[in-house]
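Quick note: the coordinates plus some simple rules give every number you see, no bench work behind them. Just so you know, these numbers come straight off a predicted model, no measurement behind them. Glycine gets a Cβ as well: all are built from the backbone with ideal geometry, and neighbour counts include every protein chain shown.
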Amino acid sequence: MKTKLTTLGLALLILTIKACSPEKKKPIATQDPFIYDKITPVNFPKVNVPNFKFPEDSTTLNEWIRKNDTLKIYTHGWGIWAGLTQPTSQTAGGQNLLVFETWLTPEEMIDSILQKPNKRSNRANLKRPNQFTHFGHTVNDSIHESVSYSPSAANHAIKNKLFLASSLYQYAKQGKTEIPIFPDDAITIKPVFKILPVSKAKDQKLFAISTWPGTIDSLAAFPEKDWHSAVYIDITNHSHGDGNQLYFPNSTTPPEPTAATTYDLSDFIHYTMNKEDAHFFNQEFTENTSNPMTANPGDIVILVGMHVNSRENTRWTWQTFWWVADPDNPVAPSSQAIANQRPKALTHAASHYAMAVAYYMINPEEPNNGINIQGNPNYAFNPYLEAGFGPDVFNKKISQITTAKKDTIPTYAGVRTNCMSCHSMATVNPDALNTSKNSSTPYIGDAYIPLNDSIFTGQLKLDFAWSIQGNIDTTGFKTLIKKYTNTLENNTIQE
């Protein structure tokens, strides 16, 4: 870890602050006062799932991994899902909130760190997935995210000021190679949504969305536009899809709906936009006055997927969920074996999602550190988030696995990724904070990455939390850098 910056380096860093800081968007005027509902973040609840405990002891988790006890791993992942999607007594705009919908976003945590008024009054505002822009690629313009932290994770981030560039810089200056690690009951999530433009559709009752057809074998991008599969959603809840979806390999638009491929809105976790939702969505996604977004109150937001990570183990646990037409028989990267472990505690809508898990990067288990580690790949990705990434996004040298038979399997494609491998690379470069390239570690496919890998030299590790790197606040950073510059200059003069 670099514990010093030269005076010249600090001066250059100051110069980059203005040059590399992203331009702020012009605010869109608020039309009407919003109706505010008091929302308090809800702790992860007790759930009625046999043999499930949260947080689970890391020794137990590692025993499951060592023995490749996948059924217990699947049960644990589903137990977390049951807790996240459990209804609460809290409401926003007259709609009941699920547990995960009450959790704080990075923006709200930053307000708390900066001691600004933080009046939680609604669901989290929708944003662009940072994942799509961190590596300079946009692969899916039709989905939107709202990263959130559980109360335990949020309290830790606020206490240690983990979203401030000034704090991260000082951790590095103190010789630390990693931020303070999260507590074992911390959960971070990345839900992703699609919007049904009900307000503009007049009497339209059916809306088509793309659905996952299954993975591909080739090392290639597989974005949503190439899936050529879809279902229809009946917003009046008078349809009963039977597990089928439409396939249209020779067309860019789905054919007419059928009874078998039309599903009730109640089959999805969803909510209806209120004035505040629509206002902040339009503010986030309007690039300029000639290209305004026009979401309106009454538009319906459906959950199509969610990454879920818990700090129960050193490398966290990783499970990802996405909506499927036939939840009893999901295709890869999920499986029927995973679906069979769904607990009865799941609500109807929550049970309509498939799951993939990444409690390890390769199979059999890998050590925390080591070289020449061999095994079989463990692909675990979310179709709506990772499938669209092609080989040009990845570090090809690292993105590979060597099997026990000495075969090399390349993994530089979104359909060959692993949540744990990807998030092991979560870092910031202390010398480049407040720039558009504040991390020097690459995007990788499924691969074994030791915790002490040399790739982390000079970086500050973020305890697997890319969400910190994507939401850094630079308040006070320029002043801090000037302070360090003056100190170094004074020390140089004295010498």
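Between Asn282 and Asp203, the simple spin-label model (points 7 angstrom out along Cα→Cβ) gives 2.7 nm. Each principal axis of the stretch 22-473 carries a Cα extent, and these read 61, 50, 45 Å when sorted largest first. Write down Rg/Rh for the stretch 319-370, rounded to two decimals, with Rg from the C-alpha atoms and Rh from the Kirkwood relation over Cα pairs. Value, to two decimals: 1.09. Descending by average beta-carbon neighbour count within 10 Å, the peptides 69-82, 229-242 line up as 69-82, 229-242, the highest first. Of the trypsin sites (Lys or Arg not before Pro) found in the stretch 206-312, no site is in coil according to DSSP while having at most 10 other Cβ atoms within 10 Å of its Cβ. Among the GluC sites (Glu not before Pro) in the stretch 242-349, those placed in a DSSP loop whose Cβ has at most 13 other Cβ atoms within 10 Å are Glu287. If R0 is 51 Å, the Cβ-Cβ spacing of Asn296 and Leu114 corresponds to a FRET efficiency of close to 0.95.
The mean sequence separation of alpha-carbon pairs under 8 Å and at least six residues apart, normalised by the residue count of the chain, gives a relative contact order of 19 percent. Relative to the current alpha-carbon distance between Asp57 and Asn250, full extension at 0.36 nm per residue lengthens the span by 64.4 nm. If I take R0 = 41 Å and measure r between the Cβ atoms of His238 and Asn43 in this structure, what FRET efficiency does the formula 1/(1 + (r/R0)^6) give, to the nearest 0.05? The value I calculate is 0.65. Subtracting the Cα-Cα distance of Thr314 and Ser266 from 0.36 nm times their residue separation leaves 13.5 nm of extension gain. Sorted largest first, the spans of the alpha carbon positions of the stretch 139-271 along the three principal axes are 62, 37, 28 Å. The sum of -39500 (n - 2.57) across all DSSP H runs of n ≥ 4, divided by the residue count of the chain, sets its helix-only mean residue ellipticity at 222 nm to -6500 deg cm²/dmol.
Of the residues Ile73, Asn368, Thr262, the one whose Cα sits farthest towards the positive end of the charge dipole of the chain is Asn368 (charges of +1 on Lys and Arg Cβ, -1 on Asp and Glu Cβ, taken about the Cα centre).
Using only side-chain charges placed at the Cβ, +1 for Lys and Arg and -1 for Asp and Glu, the dipole size of the stretch 22-473 relative to its Cα centre rounds to 860 debye.
With both labels modelled 7 Å from their Cα along Cα-to-Cβ, the Ile409 to Thr88 distance reads 4.0 nm.
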